[in-house]
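Participant: Pasting in a structure now, in structure tokens, and then I'll have a few things to ask.
The values are calculated or read from the model by the stated rules, or taken from the named source; none is laboratory data. Just so it is clear, the structure is predicted and the values come from calculations on it, not from any experiment. Glycine also receives a Cβ, built like all others from the backbone with ideal geometry; neighbour counts cover every protein chain displayed. Ligands, DNA and RNA are stripped out before the accessible areas are found, and what is left, the full protein with its side chains, is counted by its heavy atoms. Shrake-Rupley method; radii C 1.70, N 1.55, O 1.52, S 1.80 Å.
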Amino acid sequence: MRPRATVTVVGLLLLAGCSSGGQPPQSSPPPPPRPDRALVAWAETVCAQVSALDELRPEDGAGAAPYQVSSTVGHALDELAALDASGLADADSYVATLTRALERLRDELPAGDDTPPSPERVTARSGTLATSLHLAPSCTPLDPPPAMTTE
């Protein structure tokens, strides 16, 4: 009777397996990828440069000054050139396309002396401004630093 019980159990298991409708068991979707520091830094650099470039677009018909465009494009090109590849084909292709477009724009910009003087050139004419410029967080400290009092 033992072989008959085994056949019955096997038959019941086969029937139970077939009664599920033949659908594979549901699996949960894979978890989203974890953030990566290098990709966050990559995204920050790209987004910051695109945002700065977008600010050059005229809102009321008045375009940005040529020196502002030249400066912003040059800075964006420097930042994008220093950027390591993300390793993602679409993202790296986007940066390469953006870089080529900015290089063409840079080459089309007029070359002229309509750029404003650098802060360092301005401070050469004004000792009062030198101290303030040297202490301003967004400015590059002057070398050599201006003579300052403890006031």
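Participant: Output yes when any residue across segment 46-67 is in a helix (DSSP H, G or I), among the hydrophobic types (A, V, I, L, M, F, W, C), open to solvent by 80 Å² or more (accessible area, probe 1.4 Å) and on the phi < 0 side of the Ramachandran plot, and no when none is.
Facilitator: Among the residues of segment 46-67, at least one is in a helix (DSSP H, G or I), among the hydrophobic types (A, V, I, L, M, F, W, C), open to solvent by 80 Å² or more (accessible area, probe 1.4 Å) and on the phi < 0 side of the Ramachandran plot, which makes the answer yes.
Participant: Do you know which residues across segment 19-42 are modelled with pLDDT under 75 and polar (S, T, N, Q)?
Facilitator: 19, 20, 23
Participant: Just the residues that are open to solvent by less than 30 Å² (accessible area, probe 1.4 Å), hydrophobic (A, V, I, L, M, F, W, C) and under 16 Å from the mean Cα position of the chain (by Cα), please, taken from segment 68-87.
Facilitator: If the condition is that a residue be open to solvent by less than 30 Å² (accessible area, probe 1.4 Å), hydrophobic (A, V, I, L, M, F, W, C) and under 16 Å from the mean Cα position of the chain (by Cα), then 73, 76, 77, 80 are the ones that fit.
Participant: When segment 51-67 is examined, which residues are found to be without any contact (Cβ under 8 Å) to a residue 40 or more places away in the chain and more than 13 Å from the chain's Cα centre (by Cα)?
Facilitator: 54, 55, 56, 57, 58, 59, 60, 61, 62, 63, 64
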